[in-house]
Amino acid sequence: MFIDKIDVFLVAGRGGDGCISFRREKYVPYGGPNGGNGGNGGNIYFEGDSCKTTLLDLSYMPKFKAEDGENGLSSNKFGKSGQDLVIKIPLGTLVFKKGELLADVKIAGERVLVVKGGRGGRGNASFKTSNHTAPRIAEKGERGESAEINLEIRLIADVSFVGLPNAGKSTLISQVSAVKPKIASYPFTTLYPNLGVVNYKGKHFVAADIPGIIEGAHKGKGLGFEFLRHIQRTRVLVHLIDINGFDGKEPYENYKIVNNELKKYSKYIVKKHVIVVLNKIDFSQTQKNIKKFKKCLKTQKVFEISAITGEGIDALLKEIVKELENPIIFNQEEEIEIIPVKKYTYEPEFKVSVVKNGVFEVMGSKVEKLTEMTKFSEDEALRRYQNILKKMGLEIELKKMGIKHGDIVRIGDFEFTFKK
Ligand SMILES: Nc1nc2c(ncn2[C@@H]2O[C@H](COP(=O)(O)OP(=O)(O)OP(=O)(O)O)[C@@H](O)[C@H]2O)c(=O)[nH]1
Ligand SMILES: [Mg+2]
């Protein structure tokens, strides 16, 4: 099965907790702090793999988690870092996070960091200063990042064979490459794209056989636009037309139907170089139809082939190779259309809002992270926490918003009672 679009949920490893401990040795009166730091949580990466062609295996495992870091120990022992997780994906996969393009993996071995593991909490040895020699402070490990990721394959083929169902696209790809897709005389034989490598006189290119497009595809008819996104990356389109007509319509009419659908899909697709090909010329009495078609389409060169007997294919391949040698590598406008511009927004250190009477919510990644990493069971850690919040100006802000003694302050998953 060919799966070309999936969602996965990724959770990076959590950092290990820092340790609170003091050196205790016989006859050594004031042993210093020696709690080690927690290890960092493992990251999750995607890596391009030329052997993979589908996202099928990932669809069975929609959730991935990297290893957590281990906790720090006494005697300044640092916790072990969690192992990174590397997920292999096919080349040509786009990685989206919240609708924004994060990466476009095109090269085998190319690695993209998607979610970062949490930092290990510092142990109390790290909090020692000249005037605070025995701190009882250690941080908890930071939570690993998590994200819902949408993966989408867009084949990186040089040429795509498009056309109505039954036009002979699969027959053609099976003639010119080693792929052997299903071929039959009924529409929608091909349900997913087939990729094949074509060797023409020592020159290689990748061709894709795209499932048939019918009138109304843009409204979801037939297989709809499901696979048209694969065309976006091809440099040349080969539009195959059955010279005998299809669905009771003449070849030229059919040609216009497909063209119209492509135009409706994207205004950039029609700007690609299209090679028009009439297929099945081995049928008897096709001359009349060929003449008629050429009369209607005066502006363009028309190729005539028989995908079954091989007639005319040589000239077609020659033309494809010639077009591919054109230096235009991609349509810049289209790349801009596909890749959304990243938006950078300024985020204040915190934001206070009143949830309801007497309940204040504080949001902001810095404050939330600090809250999560604090060990509230230690008085000293709690004091450090309060000091940092004070320095940030949170208390002033809360007072400005009218907080009273006994009101609730909510930060992330924690709730505190405000005391004057
Ligand atoms: N006589 C003749 N028949 C052909 C030729 N090319 C294809 N056919 C036949 O036309 C039918 C459809 O061919 P396919 O290659 O499956 O067509 P397709 O465009 O891939 O169709 P879909 O996958 O449904 O979109 C099959 O029965 C083929 O044998 C040709 O050049 N001459
Ligand atoms: Mg087919």
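Rundown of residues vs (1) in contact with an Asp or Glu (Cβ under 8 Å, 6 or more places away or on another chain); (2) within 20 Å of LYS97 (Cα to Cα); (3) in the same structural domain as GLU378 (by TED's automatic domain parsing), yes/no style:
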residue	(1), (2), (3)
GLY16	yes, no, no
SER21	no, no, no
PRO33	no, no, no
ASN37	no, no, no
LEU56	no, yes, no
GLY72	yes, no, no
SER75	no, no, no
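Give the residue that is surrounded by the most Cβ atoms within 10 Å (Cβ to Cβ), with candidates limited to residues of segment 255-273 that are over 21 Å from LEU191 (Cβ atoms) and at pLDDT 90 or above.
So, considering only residues that are over 21 Å from LEU191 (Cβ atoms) and at pLDDT 90 or above, the one surrounded by the most Cβ atoms within 10 Å (Cβ to Cβ) is TYR255.
Kindly list the number of the only condition in (1) more than 16 Å from ligand 1 (Cβ to nearest atom); (2) touching a residue at least 12 places away in the same chain (Cβ under 8 Å); (3) surrounded by fewer than 21 Cβ atoms within 10 Å (Cβ to Cβ) that fails for GLN175.
Condition (1) is where GLN175 drops out.
For segment 203-228, give me each residue that is within 13 Å of ligand 1 (Cβ to nearest atom), in a loop (DSSP other than H, G, I, E, B) and modelled with pLDDT of 85 or more.
Across segment 203-228, the qualifying residues are ILE210, PRO211, GLY212, ILE213, ILE214.
Please determine whether any residue of segment 177-188 is in a loop (DSSP other than H, G, I, E, B), within 16 Å of ligand 2 (Cβ to nearest atom) and β-branched (Val, Ile, Thr).
Looking for residues that are in a loop (DSSP other than H, G, I, E, B), within 16 Å of ligand 2 (Cβ to nearest atom) and β-branched (Val, Ile, Thr), one finds at least one in segment 177-188, hence yes.
Residue-by-condition table, conditions (1) of a type in the set (A, V, I, L, M, F, W, C); (2) touching a His at 6+ places or on another chain (Cβ under 8 Å); (3) under 21 Å from THR234 (Cα atoms); (4) touching a residue at least 12 places away in the same chain (Cβ under 8 Å):
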residue: GLY72; (1), (2), (3), (4): no, no, no, yes
residue: ASN76; (1), (2), (3), (4): no, no, no, yes
residue: GLY92; (1), (2), (3), (4): no, no, yes, yes
residue: ARG119; (1), (2), (3), (4): no, no, no, yes
residue: SER130; (1), (2), (3), (4): no, no, no, no
residue: GLY144; (1), (2), (3), (4): no, no, no, yes
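Identify, from the list LYS169, LYS201, LYS180, the residue that is charged (D, E, K, R) and touching a Ser or Thr at 6+ places or on another chain (Cβ under 6 Å).
Working: LYS169 fails: touching a Ser or Thr at 6+ places or on another chain (Cβ under 6 Å); LYS201 fails: touching a Ser or Thr at 6+ places or on another chain (Cβ under 6 Å).
Unique residue meeting the criteria: LYS180.
Considering segment 189-202 alone, what residues qualify as being part of a loop (DSSP other than H, G, I, E, B) and either hydrophobic (A, V, I, L, M, F, W, C) or under 20 Å from LEU262 (Cβ atoms) (or both)? Please lay out each step first, then the result.
Step one: filter segment 189-202 for residues part of a loop (DSSP other than H, G, I, E, B), giving 189-193, 201-202.
Residues satisfying the conditions are THR190, LEU191, TYR192, PRO193.
Of (1) in contact with a strand residue (DSSP E or B) (Cβ under 6 Å, 6 or more places away or on another chain); (2) within 14 Å of ligand 2 (Cβ to nearest atom), PHE205 satisfies all except one. Which?
All conditions pass for PHE205, except number (2).
The values are calculated or read from the model by the stated rules, or taken from the named source; none is laboratory data. Since we're looking at a predicted model, the values are computed, not measured. Cβ sites come from the backbone with ideal geometry, for glycine too, and all protein chains shown count toward neighbours.
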